[in-house]
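The values are calculated or read from the model by the stated rules, or taken from the named source; none is laboratory data. All figures in this text were calculated on a predicted structure; none of them were measured in a lab. We place every Cβ from the backbone using ideal geometry, glycine too, and count neighbours over all the protein chains shown.
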C-alpha cells in the first residue's frame, strides 16, 4: 500500500526525533490507537528512522530491506496475518534478542497487535522487557491496550496515535484504489480518519449499497409500512447490522448539522439540499440519534438483532411525527 508522507507528519516522528537527538531512545515503545493498518505502518517506519543513517531516505539498503520485510535485524511478529503472538513466538524473540545484530547497531522487534497475544506469551516477554539486552529494541502496537498486562505497559514508552485528517485519508484512498476524486467523499466521511476502515470500505462491494440505504431511511421513512421494508433491507446485510447502524449515525449527524446550519461540520456534503428539505425537526433528530446510540449498545451486548432493528425504526417513525 502507498502511504505517502504519513510518517513524516506523525506525532511518532516528533517523539522519535527528540529521543534520537537526546540519545534517549527507550528499549520498548507501545504505539496504541484505533487504526491497525496505520499503527503497523508507523512501527515499520519507526524502525527505519532508528536505523537509517540518512534520515529515513527510503532508498538505502537499510530502508529497502525493512520495507520488504527482509532485514535480518528488524523482525516482525506475528509472522502471518491470520495468527496471534503465542509463547512459541516469544521464545524465539527472547532467544534472538540476546544475539548481537548482524547489520546494524540495534536489533528491532516489531510486535503487531500485541493486545491479541496470549497472557502466557505476554508474561514470557516480561522478563526480557525488565532486563533488555542493550542491542535490542521492541516496538509493540495495539488497538486495545487494556488487553495488555499493566506490567508490560509500565516497561514501555507509550505513544498515543491519533486518527488522521480527512485530507490524509483522501490521499490514501486515491493512491490505493481506482476511485476518482469526485467519487471519494463518501468513503472519506465513513472512514472517520481510520486507514483500516478506509481500506475495508473501499474494498467492500456493499458499501455504496449500505450508504444509500441509510440515506433512504433518514429521508424516506414516513409511514408504518416502511418499517417492514427497511427492516428487511437492513437485515439482508447478514452479520453487518452494526456497520449499517454506524453508517446511519453519520447520516443522522449530517442531517442534524444541516438543520442547525452547521454546514462546516457536515462530513459528506453531497446531500445537503436533501437534508435541509427533509421533514425532520432538530428535536426529532436529536432524539433519534440518542435512540440509535442506545440500539448500538444493545447490539454490542448481543440483544436480538431483529428486535433491536424493528424497535429502532418504530421509535424513529414515532419521534419524526411527534416532533415535527
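If you take the residues of the stretch 145-169 that are more than 15 Å from the chain's Cα centre (by Cα) and closer than 19 Å to residue 42 by Cα, which of them is surrounded by the fewest Cβ atoms within 10 Å (Cβ to Cβ)? Filtering the stretch 145-169 for residues that are more than 15 Å from the chain's Cα centre (by Cα) and closer than 19 Å to residue 42 by Cα, the one surrounded by the fewest Cβ atoms within 10 Å (Cβ to Cβ) comes out as 167. Here the helices (runs of 4 or more DSSP H) wholly within the stretch 193-240 that include at least 3 residues being in contact with a helix residue (DSSP H, G or I) (Cβ under 9 Å, 6 or more places away or on another chain) and over 17 Å from residue 313 (Cβ atoms) are 195-202, 207-220. Selection of the stretch 1-16 for residues being over 16 Å from residue 141 (Cβ atoms) and not in a loop (DSSP other than H, G, I, E, B) yields only 14.
Before we move on, is residue 113 surrounded by fewer than 16 Cβ atoms within 10 Å (Cβ to Cβ), modelled with pLDDT of 95 or more and touching a strand residue (DSSP E or B) at 6+ places or on another chain (Cβ under 9 Å)? Criteria not met by residue 113. Restricting 289, 297 to residues that are in a helix (DSSP H, G or I), modelled with pLDDT of 95 or more, in the same structural domain as residue 215 (by TED's automatic domain parsing) and exposed (fewer than 12 other Cβ atoms within 10 Å of the Cβ) narrows the list to 297.
When you look at residue 56, is it within 24 Å of residue 158 (Cα to Cα), at pLDDT below 95 and surrounded by 18 or more Cβ atoms within 10 Å (Cβ to Cβ), yes or no? Yes. Is it the case, given these coordinates, that residue 269 is without any contact (Cβ under 8 Å) to a residue 12 or more places away in the chain and under 26 Å from the mean Cα position of the chain (by Cα)? Considered against the rule, which asks whether it is without any contact (Cβ under 8 Å) to a residue 12 or more places away in the chain and under 26 Å from the mean Cα position of the chain (by Cα), residue 269 comes out as no.
Report, by residue number, each residue of the stretch 259-282 that is assigned to a helix (DSSP H, G or I) and under 18 Å from residue 212 (Cα atoms). Break it down stepwise before answering.
Our first condition is that a residue be assigned to a helix (DSSP H, G or I); within the stretch 259-282, this holds for 259, 263-265, 269-277, 282.
Correct list: 269, 270, 271, 272, 273, 274, 275, 276, 277.
Give me the residue from the stretch 17-51 that is part of a loop (DSSP other than H, G, I, E, B) and touching a residue at least 12 places away in the same chain (Cβ under 8 Å) and, out of that set, nearest to residue 138 (Cα to Cα). Of everything passing the filter in the stretch 17-51, 27 is nearest to residue 138 (Cα to Cα). Applying the condition of being under 20 Å from residue 222 (Cα atoms) and either outside the structural domain of residue 238 (by TED's automatic domain parsing) or touching a helix residue (DSSP H, G or I) at 6+ places or on another chain (Cβ under 6 Å) (or both) to the stretch 300-313 and asking which residue is surrounded by the fewest Cβ atoms within 10 Å (Cβ to Cβ) yields 310.
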